[in-house]
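Everything on this sheet refers to the single structure shown next.
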Amino acid sequence: MGQQAQALRCCFPDMDVDYCLADFAHPLGLPPLDGIVLANALHFKDKGPALRTIFAALRPGGRLVLVEYDTDQGNRWVPFPCSFAPWRPLARGAGFADTRLLATRPSRFLGQLYAAGNIRPSAAGDERR
């Protein structure tokens, strides 16, 4: 993680980023976050505990951007990918709202990647789904 942090500091010297190594299945021990980018990480975890941890780590109104392979057929390196079709109800079940497909990109590895935007509702009635 050190080389990646150094490269980002060189490219974005005015950006304040805190890096931490964590297991999404356990509380992260962080203050409420404005946003989380979860890229190529969720397909290795039992999604339920991980999504509860991520949801709890966001402040109300916080955003999750998920980048994942757009397939449900895994392999030994990506055993449990989650395409966008099942992601929407999975995100809703975890409490996220306003889940939408942001972009897709071709991938040489498993065909295509997608990015999905999700919001932790800021109030009990704010659940645009």
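The values are calculated or read from the model by the stated rules, or taken from the named source; none is laboratory data. Model, not experiment: these values are computed from the prediction. No Cβ is skipped: glycine too gets one built from the backbone with ideal geometry, and neighbour counts run over all protein chains shown.
Write out, first by first residue and then by second, each pair whose Cβ atoms fall under 6 Å of each other, whose residues are 6+ apart or on separate chains, and whose first residue, in the range 19-44, is within 11 Å of L58 (Cα to Cα) while the second is among the acidic types (D, E) and assigned to a strand (DSSP E or B).
Hits for this filter: zero, empty list.
Name the pairs: first residue in the range 113-129 and farther than 21 Å from A103 by Cβ, second residue surrounded by 13 or more Cβ atoms within 10 Å (Cβ to Cβ) and at pLDDT below 90, Cβ to Cβ under 9 Å, at least 6 apart or on different chains?
P121/E127
Which one of L113, L51, L90 is in contact with a strand residue (DSSP E or B) (Cβ under 8 Å, 6 or more places away or on another chain) and surrounded by 14 or more Cβ atoms within 10 Å (Cβ to Cβ)?
After ruling out the rest, the residue left standing is L113.
Could you please give the count of residues in the range 93-110 that are of a type in the set (A, V, I, L, M, F, W, C), out of contact with any strand residue (DSSP E or B) (no Cβ under 7 Å at 6 or more places or on another chain) and within 20 Å of F55 (Cα to Cα)?
So the count comes out to 1.
For the range 71-87, name all the residues that are under 25 Å from L28 (Cα atoms) and buried (at least 16 other Cβ atoms within 10 Å of the Cβ).
Listed by number, the residues that qualify are V78, P81, C82, W87.
Filter the range 93-110 for residues that are in a strand (DSSP E or B) and touching a helix residue (DSSP H, G or I) at 6+ places or on another chain (Cβ under 9 Å); which is surrounded by the most Cβ atoms within 10 Å (Cβ to Cβ)?
Applying the filter and picking the extreme gives T99.
Taking the range 116-125 as the region of interest, how many residues are surrounded by 19 or more Cβ atoms within 10 Å (Cβ to Cβ) and of a type in the set (S, T, N, Q)?
Total meeting the criteria: 1.
Answer yes if at least one residue in the range 118-126 is part of a strand (DSSP E or B), within 17 Å of the chain's Cα centre (by Cα), among the polar types (S, T, N, Q) and under 20 Å from D46 (Cα atoms), and no otherwise.
yes
Within the range 40-52, is there a residue that is outside any loop (DSSP other than H, G, I, E, B) and modelled with pLDDT of 95 or more?
Within the range 40-52 (the criterion being outside any loop (DSSP other than H, G, I, E, B) and modelled with pLDDT of 95 or more), the answer is no, since none of the residues qualifies.
I want to confirm something. Restricting to the range 54-70 and keeping residues that are outside any strand (DSSP E or B) and surrounded by fewer than 19 Cβ atoms within 10 Å (Cβ to Cβ), which single residue is nearest to the chain's Cα centre (by Cα)?
F55
On the given criteria, is T53 β-branched (V, I, T), without any contact (Cβ under 8 Å) to a residue 40 or more places away in the chain and touching a Leu at 6+ places or on another chain (Cβ under 8 Å)?
Answer is yes for this residue.
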